[in-house]
Amino acid sequence: MWFFGSKGASGFSSRSTAEEVTHGVDGTGLTAIVTGASSGIGVETARVLALCGVHVVMAVRNTSSGAKVKEDIVKQVPGAKLDVMELDLSSMESVRKFVSEYKSAGLPLNLLINNAGIMACPFMLSKDNIELQFATNHVGHFLLTKLLLDTMKNTSRESKREGRIVNVSSEAHRYSYPEGVRFDKINDKSSYSSIRAYGQSKLCNVLHANELAKQLKEDGVNITANSLHPGAIMTNLWGYFNSYLAGAVGAVAKYMVKSVPQGAATTCYVALNPQVAGVTGEYFTDSNIAKPLPLVKDSELAKKVWDFSTKLTDSQSGESSS
C-alpha cells in the first residue's frame, strides 16, 4: 500500500476526486443504477456519473430524500438525466418490485453500482429474518444483481459496450469473524459482533464480485465485476458509533479521512475510466488495483457464498438461514 496521497500506477491517489478520475470521459448513452444514491458517497457518485452524461437511476430507500438530491444535482448539472426509484435492500420483496418496475420501464443497463450499506448496527433481523447487515449489504445486492443480469447482458450485446458491475466493499472485509463467513451462524445473536458482522458482509461483497467475474468470463459475456474500498469517509454510516468515538475519529479526520468527492473517486474510476476496460475480479483502493485479504482468492469459498446466497434468495422468507 502506498502512502496517503501518493499516486499509484493509475496516476491517481487517495487525494484524487471523482471528477478528476473521470475527467474527459464521455458516458453519453450509458445507463447506470446507483444504490444508496441519496446520501454520502452515493450522492457524489450519481452527480459525477450524470456530469459525464450517464443516465442515472437512483435506487433509494427514501424517495423524498432522493427527489431532493436529484433536484440539487440538476441545479449543479443542467441537463442531467436522473430518475429516482424506491429500493429497500433489506427486503427481498422490495428488490423484486424494483427490478420488475425497472424492466417494465424498458430501460437498458450498462453500469450497476452496488453502493448502499449500513455499518455496525446493533443486532437486528431484516423483514426476511436475516441479520440486518448481511441482508442489506450483501444479500440484497446479490439478489438485485442476479435479477438484473439478463438486462445487462442484453444491453451489452445490443450496445456493443462493456457492462460493469461495481461492488462497494471496504477494508473492513479484513475484520470479519475468524472463520470468515459464518454460514451456520448468520443469525446467532449471542455471538454477534457489530463490527465483525459488518466485516463479514463486506467480505461477501468481494467474494460475490470475484465469483461473478469468473462466471461472466466463462460465459464469454462482455461484463466485468469488481469490488473496492472507497476509503474512510465521515458519512452517516458512522451513525451507530458513540459520540466519543466519533469525536476521536473527527480529531484525526483531517489527516486520514477522505472528503466525499475523494470517497466517491474509486467507485467512479472503476465504473467509467477507460483504464479499467476488460479488468475483472479485482479489488481497488484509491483508484488503483490493490491486494485484498488472501482469503478472498479462495474460489471454493466464493462459490460457497454464491450457493448460500442463491439458497437464501430462492427461499422468499430467508428461513434457510439458521
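Just a few scattered comments:
- Computed per residue of the chain from DSSP H runs no shorter than four, each worth -39500 (n - 2.57), the mean residue ellipticity at 222 nm is -13000 deg cm²/dmol.
- Charge sum, other residues only, whose C-beta stays under 10 Å from SER191's C-beta, Lys/Arg counted +1 and Asp/Glu -1: +3
- For the stretch 289-302, the Karplus equation 6.51 cos²θ - 1.76 cosθ + 1.60, evaluated at θ = phi - 60°, returns couplings of 5, 10, 9, x, 4, x, 4, 4, 7, 6, 5, 5, 5, 4 Hz by residue, with Gly and Pro reported as x.
- At q = 0.14, 0.27 Å⁻¹ the log10 of I(q)/I(0) for the stretch 120-193 amounts to -0.60, -1.34, computed by Debye summation with a single uniform scatterer per C-alpha, solvent ignored.
- Dividing the Cα radius of gyration of the stretch 88-161 by 2.2 N^0.38 Å, with N the residue count, gives 1.23.
- Peptides 179-190, 86-97, 147-158, 199-210 ordered by average Cβ neighbours within 10 Å, highest first: 199-210, 86-97, 147-158, 179-190
- Subtracting the Cα-Cα distance of VAL74 and SER104 from 0.36 nm times their residue separation leaves 8.3 nm of extension gain.
- From most to least packed by mean Cβ count within 10 Å, the peptides 66-73, 297-304 give 66-73, 297-304.
- Antiparallel bridges, percent of DSSP beta bridges restricted to the chain (to nearest 5): 15 percent
- Prolate/oblate/rounded label for the stretch 1-138 (Cα gyration tensor, a/c 1.5): oblate
- Cβ-placed point charges (K, R +1; D, E -1), dipole of the chain about Cα centre in debye, nearest 20: 380 debye
- Per-residue Karplus couplings for the stretch 101-118, computed as 6.51 cos²θ - 1.76 cosθ + 1.60 with θ equal to phi - 60°, are listed in order as 5, 5, 5, 4, 6, x, 7, x, 8, 9, 10, 10, 9, 7, 9, 4, x, 10 Hz, Gly and Pro entered as x.
- At 1.306 mPa s and 10 °C, Stokes D of the chain from Kirkwood alpha-carbon radius, µm² per second: 81 µm²/s
- Contact order, relative form, for the chain: 22 percent (alpha carbon pairs under 8 Å, 6 or more residues apart, mean separation divided by residue count).
- Amide H contacts of VAL84 (H built 1.01 Å from N, in plane; Pro and chain starts excluded): MET58 sit under 5 Å, all sequence-distant by 5 or more or on other chains.
- Shape category assigned to the stretch 155-220 from the gyration tensor of Cα positions, a/c cut at 1.5: prolate
- When the chain is described by a simple charge dipole with +1 on each Lys and Arg Cβ and -1 on each Asp and Glu Cβ, the residue from ALA105, ILE118, ALA271 located farthest towards its positive end is ALA271.
- Lysines whose Cα lies under 25 Å from that of LYS103, excluding same-chain neighbours fewer than 8 positions away: LYS68, LYS70, LYS81, LYS127, LYS146, LYS153, LYS160, LYS217, LYS311
- For TYR177, the residues 5 or more places off, or on other chains, whose built amide H falls under 5 Å of its own are GLN200.
Since every read-out is calculated from the coordinates, none of them should be taken as a lab result. Because the structure is predicted, anything quoted here is derived from the model rather than measured. Note: ideal-geometry Cβ built from the backbone for every residue, glycine included; neighbour counts use all protein chains shown.
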